[in-house]
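So the structure is just underneath, and the comments pick up after that.
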Amino acid sequence: MKTLSLVVPCYNEEETIPLFYQTVSKVIDKMNTPTPTVTPEYIFVDDGSSDNTLAEMKTLHQANPETVHYRSFSRNFGKESALAAGLQATTGDLVAVMDVDLQDPPELLPKMFALIENDGYDCVGTIQKERRGQSKLRAFLSSSFYRVINRISDVRIEPNARDYRLMTRQFVNTVLDLPEFNRFSKGIFSWVGYKTTYLTYESQPRAAGKTHWSLGQLFSYSIEGIIDFSNAPLRLATWVGSFSFFLSIIGLIFVIVRALTVGGSVAGWPSLVVIMLLIGGIQLFCLGILGQYINKIYLETKHRPKYIVREEK
Ligand code: UDP
Ligand code: MG
């Protein structure tokens, strides 16, 4: 018998938790017939919800004190922190990460399990085919994000991969050993290496409730990912800076030579203003990029915890 830990981050998901538990336990029961193969261990993480999410978790825990556990945060720390907290609490030989809204089909679990057990993979990830009901703009932005990040970062980030994945204990321990505060898990899971394969599935509508991601949040999440896993923006800033410096030297020589030969003139001040603005803009742009990295360093050096657990069982 192997223990299968399921890490489930939840933020205001009172409606979906019971549904999730019913559906997943059915799949586990199926995996255990005719021969018992896995014992489940549910780790629900309440990411500072303001509804009855924690109460739902407690109810499930009381009914199944051996298999259902929960950790509740002191406030909303975000899904990445919830994942880290959940992984930290697992004891299973195999660990799955799943959204509670059933957009990650639990029916894939037996197949993922078989790939690890029989084919020797350390991690099985999932890729979602085109999202139904997703706007054209969102689809375009997301595919551009993957193109950019895969061009400039050292790790490969599988386009449209979900956080839904099944991992071995060894894989999870390696991920947990990474001490960074800024956790862009799509990058971390790929950075650690190991043998990983992907399953593809049709996108599913949410079981209940609504998504927590606005377009703005997705945008800043993308920027985080790029800054966390690539130095390309810094190199770009250096290049843009050097190029504009080079241009201004040429301009300066031109101005001096002209002043010495034909004499100075006040005509041309508009172009001067334009050039000053351009150079100023480039400088601010580069400073902004530098600032992003310095902010990351600042956050790392504070050694703050990634999350605060208020209660757990
Ligand atoms: N989630 C979380 N903390 C947050 C936002 C979301 O733990 O701050 C959880 C949420 O409860 C769900 C999963 O992360 O289980 C994915 O969230 P959602 O369904 O809103 O994202 P989408 O599927 O639209 O990408
Ligand atoms: Mg979802």
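No value in this document is a laboratory result; all are computed from the given coordinates. Remember, it's a predicted structure, so these values are computed and weren't measured experimentally. Cβ atoms come from the backbone with ideal geometry, glycine included; neighbour counts cover every protein chain shown.
What is the fewest-to-most order of Ser203, Ser72 by other Cβ atoms lying within 10 Å of their Cβ?
Details: Ser203 15, Ser72 21.
So the residues, fewest neighbours to most, are Ser203, Ser72.
If the segment from Glu107 to Lys129 were pulled out straight at 0.36 nm per residue, it would be longer than the present Cα-Cα gap by 6.3 nm.
Reported to the nearest whole Å, the Cα centre-to-centre distance from segment 227-262 to segment 170-202 is 40. Among Glu158, Glu130, Glu311, the ranking by other beta carbons within 10 Å of each residue's beta carbon, starting with the fewest, stands as Glu130, Glu311, Glu158.
Residues of segment 206-235 falling in the label zone of Leu141, defined by backbone nitrogen less than 17 Å from a point 7 Å along Cα to beta-carbon, are 211-227. Between Tyr194 and Val274, the contour length at 0.36 nm per residue exceeds the alpha carbon distance by 23.5 nm. Computed from the C-beta positions of Val148 and Leu290, the FRET efficiency with R₀ = 22 Å rounds to 0.70.
As a quick test, which of the pairs Lys30/Lys195; Lys210/Lys313; Lys26/Lys79; Lys2/Lys186; Lys30/Lys58; Lys79/Lys186 have an alpha carbon distance above 20 angstrom in this structure?
Lys30/Lys195; Lys210/Lys313; Lys26/Lys79; Lys2/Lys186; Lys30/Lys58
If the chain linking Ile249 and Thr211 were pulled fully straight, counting 0.36 nm for each residue of separation and taking away their Cα-Cα distance, it would gain 8.5 nm.
Once the convex hull of all Cα atoms in segment 54-145 is built, its volume per residue stands at 171 Å³.
Restricting the calculation to Cα atoms, segment 2-230 yields a radius of gyration followed by a Dmax of 17.0, 49 Å. With kT/(6 pi eta Rh) evaluated at 4 °C and eta = 1.567 mPa s, and Rh the Kirkwood radius from Cα pairs, segment 115-167 diffuses with a coefficient of 101 µm²/s according to Stokes-Einstein. For the chain, DSSP calls about 30 percent of its internal beta bridges antiparallel.
Each of Thr3 and Thr33 was given a label point 7 Å from its Cα along the Cα-to-Cβ line. The distance between the two points is 2.6 nm.
Note on segment 232-302: Cα-Cα pairs beyond 15 Å make up 65% of the total pair count.
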